[in-house]
Amino acid sequence: MTTIAQAEPLLARRRVASRRRFADLAATGVLWMAACSIVLLLVFFIAYLFYLGAGVVSWHFLTAPPSEITAGGGIGPQIFNSFYILFLTMLFTVPIAMGSGIYLQEYARPGVFTTAVQFCAESLATIPSIVMGLFGLIVFVTLLHWHFTALGGALTLTLLNLPALMRVTQEGLSSVPLIMREGSMALGATKWQTIRRVVLPSAIAPLTTGIVLVAGRIFGETAALIYTAGVSVSAGRSAYDWSPFHTAETLSVHLWYTHSEGLVPDAARIGNGSALVLLVMVLIFNILARVLGRLLSRRLTGK
Amino acid sequence: MISTTTNAAEPRLSSKMRVEDLDVYYGDFQAIKSASIEIPENCVTALIGPSGCGKSTFIRALNRMHDLSPNVRVEGTVSLDGEDIYARDVDPVSIRHRIGMVFQRANPFPKSIYENVVYGPKIHGLGKRAQLNEVCERSLRRAALWDEVKDRLHRSALDLSGGQQQRLCIARVLAVEPEVILMDEPASALDPIATSKIEDLISELKDEFTVVIVTHSMQQAARISEFTAFFLMGDLIEVGKTSDVFTKPKDTRTEDYITGRYG
Amino acid sequence: MIATPSSRAHFQENIARTVLFAASVLVVAAMAVIVIYLASEGLRLFLVDHISPLTFLGSPTFDPESRAPGALVFIVGTLSVTLFAIAVGGPFGVAVGIFLSQLAPKRLAALMKPSIEILVGIPSVVYGWLGLTLLAPFTRQHFGSQTGFGLLTAGIVLSIMILPTVISLSEDALHSVHVSLKEGSMALGATRWQTIFHVLLPAARSGLLVAIILGIARAIGEALAVQMVIGNSAVLPKGLLSPTSTLTTEIVTDMGSAQAGSVMQHSLFSMAFLLLLIAMLLIVAVRAALRRAA
């Protein structure tokens, strides 16, 4: 039982405590507002883009070729080129990035070379995409005389995305516990056998999620492609060219180009439609990445 | 230092492995100081001692697991059938084919039970389905797990209970047909029933294999081993027949540990 | 020999090791080639056209036709827009990072992480488009800007674009603070905010610094979204509402029409080379910040 004498200091302490608690509540409120505004921002952007572009997107819009001067053009070839360049880029990026990622994570010992690889990867990641695009211009377009090609764009994008995919690989590999590696090596497996048969299969879920997310970013890449893959598509049937040496304007580049050159009278309309299609593609990539990740990890630990 | 007691009337045991002046360093810290011991063939040798005394470090030196850690240095000789496994021209990967290891926590791969057991043979080149099936059944039987899993060989190994997973890991090692099996506290994460199953298994295994087991339980050492080695702070204090070490220890430190004065 | 290695497994091991090593060498080689080519083109302005670097870096007149390619306008533009972005997006991002790592209930965090991933994934052109159709008219109406294009609009777009970077890196930095520090503080009777402010944030100092540095890097490197809303006039900005240009937007705008071998083209390459050097410098800064932590 507390006497008055003992209760006095308790009351005083409670007054100070309420001041601290107010600061705590205020800060908590601010943080909550900041967080909610992020979600609201995203929802608002998505809703607005749908509002702008929903009326534009139609089957005709998605498949027809663009028109040079008149209204009513579509984005068919651009969508084709976006996927084509994505596929080509992944073809180069995945082996190199996974190879060096596996090397750095599993084989490399601290030293000059390892530091050099990490520094180069980090620097590649920080180079602005337009600067990388200029490098592509110097080497692929001018030096090698390819002019604007899908291959040149893909190689430039490979350089841009190597670091991201390397990080995905390293994080995926590190998600596999050491004890699993030890178990394999204690059975007489070599390092590569352990990686190939135990570590990589165990990391398949985070690896897949990461790769699909990077693919989504490649799909939306623009600055590096303007001066490497070009801002036009060939007219007529040759617009769906399978050769890697054709000029390949992607959807994102098209969005920028119609805005900046604006020769067609319905440039705004085409822009709205293109922006919406790009957004929807990003959403699809993100959802796919998560769904695949969850499916694969369930298969790994359940079946 | 070795203090081994042998009774002249008993059959002479051949030495499967011999450790001479083993030192293990983690950076500058010396975890094992000049340990020498003989591991007799087809027996169970237990390594006991308080936590931190170095018994896990010691056993990992026996199949060159320390090769995987960059800042660990191993000096001395560890011989298998008379030949040093740390010699320059010896391949550590093949050593682990002949000296297998079971870990403290069961670490089955996230694959099916079947795939776990045949993993070892597969990486050593065995390919034929029929042969793999035979190895799988034989190893699971030897590990006393066959009856419990024979109907779900292709289900995930992670669905098994802790004790079953550990027996699966033992089956996995058996499938490789080693000569020596090292066990680092194999039952410390298991309940008493699962533990006694593992102990029964170990008693059967010694007919075909040489077993070295690290254990923090003196009772377990007394139950299943023929020889016991006592470690304290990196030093190998005493080695001998289990019955002798527990009833007439030669060193006072051994006696203090056995009677529970520390540890 | 007491153990014969399985020759096939060993052969594969050696091949694998060589191939993986080669992939890593490729990464270093790529970077080297990039630096070499950008340097060789970027230095042409000084070595072939004999423009002094001081003129390039210090003169506010950008008139390559008359051999006066002063890039100061663009440097100031880059700095201004970056400063705005990090001043707004930096604290905002760190706040959300604090929220995610300390306050968020599991379900909200599960909703926010994918949202942030989507924000990262939105292409910069789409951000530019949003700035164009949404923000520019807003600026025109409510801030009295003539066109709606300028520093303010570009700064706001850029702030939003660097948010995901700053958020996820801040969250990582706070997560890696050992839980024992937090528990120790709470056990002494500190409120959650006191713990965050006085214990966690200082402990995560270097990680937060990295978040800011990489946010800055992202802002400096962004080209297209900014180019669509900044007005693209090569004059020094007089205020938040003036249209101006940055190093990246200038490259985007004029590269297409620059004649090969002209002073214009060379000055654009010099700007690209300057951006490359800035990027590498920022990485050195990040490494220094991380080394101070260890």
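A short reminder: the numbers here are calculations on the coordinates, not readings from a lab. Treat the numbers as computed from the prediction; the structure is a model and nothing was measured. Don't worry about glycine lacking a Cβ; one is built from the backbone with ideal geometry, like all the others, and counts go over all protein chains shown.
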Considering only DSSP beta bridges whose two residues both sit in the range B:1-128, what percent are antiparallel, to the nearest 5?
100
For chain B, longest principal axis from Cα atoms; helix B:129-142 axis from its Cα atoms; angle between them, nearest 10 degrees, is 50
Below 8 Å between Cα atoms, with a sequence gap of 6+, how large is the relative contact order for the range C:119-166 in percent?
43
When the Kirkwood hydrodynamic radius is evaluated over all pairs of different C-alpha atoms of chain C, what value in angstrom, to one decimal, is obtained?
22.0
Dipole check, the protein assembly as shown, charges on Cβ (K,R +1; D,E -1), about Cα centroid: among B:Pro178, A:Phe148, B:Pro50 the Cα furthest to the positive pole belongs to B:Pro50
State the antiparallel share, in %, of DSSP beta bridges confined to the protein assembly as shown, rounding to the nearest 5.
60
Using the Cα centre of the range A:59-302 as origin and beta-carbon charges of +1 (Lys, Arg) and -1 (Asp, Glu), tell me which of A:Ser260, A:Gly111, A:Asn272 is placed farthest towards the positive end of the dipole.
A:Gly111
Might you report the magnitude of the Cβ-based charge dipole of the range A:59-302 about its Cα centre, with Lys and Arg at +1 and Asp and Glu at -1, to the nearest 20 debye?
1000
Where does the protein assembly as shown land at 222 nm, in deg cm²/dmol rounded to the nearest 500, when only DSSP H runs of n ≥ 4 count, each adding -39500 (n - 2.57), divided by all residues?
-19000 deg cm²/dmol
If you line up the long axis of helix B:192-205 against the longest principal axis of chain B, both from Cα atoms, how many degrees apart are they, to the nearest 10?
90
Please determine, in degrees from 0 to 90 and to the nearest 10, the orientation of helix A:150-174 with respect to the longest principal axis defined by the Cα atoms of chain A, where the helix direction is its Cα long axis.
20
Against the 2.2 N^0.38 Å rule of thumb, the C-alpha Rg of the range A:59-302 sits at a ratio of 1.16
Taking 21 Å as the cut-off for C-alpha to C-alpha distance, list the pairs among C:Lys106/C:Lys182; B:Lys197/B:Lys250; B:Lys206/B:Lys241 that go past it.
B:Lys197/B:Lys250
Share (percent) of C-alpha pair distances in the protein assembly as shown greater than 40 Å works out to 51
Percent of beta bridges antiparallel (DSSP, chain B, rounded to nearest 5)
60
Using only Cα positions of the range B:1-132, each an equal point scatterer, no hydration layer, compute I(q)/I(0) via Debye at q = 0.20 Å⁻¹ and quote the log10 values to two decimals.
-1.29
If unit charges are put on Cβ atoms (+1 for Lys and Arg, -1 for Asp and Glu) and the dipole of chain C is taken about its Cα centre, the option from C:Gly221, C:Thr147, C:Tyr37 lying farthest towards the positive end turns out to be C:Gly221
Chain A: relative contact order from alpha carbon pairs under 8 Å, six or more residues apart, as a whole percent, is 26
Given an 8 Å cut-off on Cα distances and at least 6 residues of separation, report the relative contact order of the range C:186-275 as a percent.
19
